[in-house]
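The values are calculated or read from the model by the stated rules, or taken from the named source; none is laboratory data. Keep in mind it's a predicted model, so treat the numbers as computed, not measured. A quick note on method: Cβ atoms are made from the backbone with ideal geometry, for glycine too, and the neighbour counts reach across all protein chains shown. Heads up: the accessible areas ignore ligands, DNA and RNA and are worked out on the full protein's heavy atoms, side chains in. Shrake-Rupley method; radii C 1.70, N 1.55, O 1.52, S 1.80 Å.
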Amino acid sequence: RKGPVVLHCPALRGPAVLRPRHLRPALLADHLAQLLRAQGVGVRLVPALAQEGSSEVLRQLRIDWPSGSGGSSLPEAVSALKAALGRAPCATACEQGPGTAALPEGVIGKVHLKSFVEQQGLVGYDPNLDVLLVTEGMLRSLAELQQVVQQCQVSDPVALPASCFPRGLGSCCSIVHVVNCEEEFQQQQLDLLWRILDPGAHTALQKHLVCGPVKVTNPSSPIGADQYFQLRKRQMYEASLMKYGELAQDEAWREVIDTLTAAAIRFEMLSTAHRSQITLDLENSSISTKGTKSGAFVMYNCARLATLFDSFQRAVEQGTYPPLPPVSELNFSCLREEGEWLLLFNYLLPFPEVLQQAAQLPTPSKGIRITANTETVCKFLIQLSMDFSSYYNRVHILGEPFPHLFDQMFARLRLLGAVRDVFHSALATLHLPPLSQI
């Protein structure tokens, strides 16, 4: 059993306007948290959101992120870090007076990062790291991280400081900074500052999960995350209108469009390996309900399964078919279609391993960067949707109500029931609810 994990997303720490590049690490951290929890790992998310606008955008994308002010004990923790800064051997106080260069407002000390890295023999840090001007904001960020780590150790008795081994995850609370590449340098500075001010096993367990850049093509001006969501929502509505005709304007359909939009953005952001660049084409959108690489296509096939089982249940209630027998009474030798065995061996049986692989955070042999297989679930769902769709279009599941055909129909329904469960479990790691209509 591994100890708890703190996922820190600096992109959510106070930008005036959230942009698509901020959404990528936030979505990745949210997905990774769900994957780790599914494996029985305790997860804490940092920072707590303070801005209402950011909370609303994340809520629309079904990102379940904590909010709050950081607690009444935060000023006390900041004061303790200030005191540690005054005692640190590689730190110097910033004095301002006649003959000294003016320092930026709020700077309270200098820390010599380069000499600390050399003394400690640390590897993997940017060679350009040198002197850091320490601000109150930096100490506040570290104090919040420090408090969350302490709460992890209290709530998880396995993760006691005495059991921590600085070079291995063991059962100690580990910290993963999920950062976009633009923030990597600043986060390395904070990482080292924390090691200097709070030397201990937990600060030695900091790792960095770095996201590649998010390139936006054809923007008339820098686009905010809320504008990005509204643009994709409008495109999703137009694509659905083209496929289904005039849509009902009731609450249920609005919820469907919102879910499809969240799915489209999540798959757009998460189906690419986190290290690689993402290009968002906001004008010539590929969003549709049929594009086989899209989140909407995955949700569409999930809804087809819901419709299938609703139709079967209604037929049972009307007396057309008998109820579905228990698994022990079914004859699975009736499944002779290649597509049926493909679903079983390529998706149903390997699914637990897929989730486990996606949740792995391997400790690097050297350095501070780690990689994660966070694209695994999206790719799995896209491929499953393609193969299920091909099978479903080819095979008529609910046949004529003749007793000699029931064995095959029931075996197929049980198989597809298991496929439906896989869809639901995989979508849950993406914080996407299964759709019953589309």
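Which condition does G14 not pass, out of (1) of a type in the set (G, A, S); (2) surrounded by 18 or more Cβ atoms within 10 Å (Cβ to Cβ); (3) over 16 Å from the mean Cα position of the chain (by Cα), if it passes all the others?
(2)
With L35, L7 as the choices, which residue is touching a residue at least 24 places away in the same chain (Cβ under 8 Å), within 12 Å of the chain's Cα centre (by Cα) and more than 16 Å from P66 (Cα to Cα)?
L35
Return a yes/no flag: does region 384-406 have any residue that is surrounded by 16 or more Cβ atoms within 10 Å (Cβ to Cβ) and under 26 Å from R275 (Cα atoms).
Yes: one or more hits.
Mind listing just one residue for me: the one in region 324-333 that is free of Cβ contacts under 8 Å to residues at least 12 places away in the same chain and open to solvent by 80 Å² or more (accessible area, probe 1.4 Å) and, of those, nearest to F406 (Cα to Cα)?
The extreme case among them is E329.
Inside region 312-321, can you point out the residues that are of a type outside the set (K, R) and either exposed (fewer than 12 other Cβ atoms within 10 Å of the Cβ) or within 29 Å of K379 (Cβ to Cβ) (or both)?
E317, Q318, G319
Does K207 satisfy the criteria of being basic (K, R), in contact with a Lys or Arg (Cβ under 8 Å, 6 or more places away or on another chain) and buried (at least 16 other Cβ atoms within 10 Å of the Cβ)?
When the stated conditions are applied, K207 passes them.
Given the condition touching a strand residue (DSSP E or B) at 6+ places or on another chain (Cβ under 9 Å), under 21 Å from G295 (Cβ atoms), of a type in the set (D, E, K, R) and not in a helix (DSSP H, G or I), answer yes or no: does some residue in region 252-269 qualify?
no
Just checking, how many residues over region 334-365 are more than 30 Å from V123 (Cα to Cα), without any contact (Cβ under 8 Å) to a residue 24 or more places away in the chain and either surrounded by 12 or more Cβ atoms within 10 Å (Cβ to Cβ) or over 29 Å from the mean Cα position of the chain (by Cα) (or both)?
5
Suppose we filter region 309-323 for residues that are out of contact with any Gly (no Cβ under 8 Å at 6 or more places or on another chain) and touching a residue at least 24 places away in the same chain (Cβ under 8 Å); how many remain?
Going through region 309-323 one residue at a time, the tally reaches 7.
L435 fails exactly one of the following numbered conditions: (1) touching a Leu at 6+ places or on another chain (Cβ under 7 Å); (2) buried (at least 21 other Cβ atoms within 10 Å of the Cβ); (3) not polar (S, T, N, Q). What is the number of that condition?
Answer for L435: the failing condition is (1).
Every residue in region 75-89 that is assigned to a helix (DSSP H, G or I) and not basic (K, R), please.
Those that are assigned to a helix (DSSP H, G or I) and not basic (K, R): P75, E76, A77, V78, S79, A80, L81, A83, A84, L85, G86.
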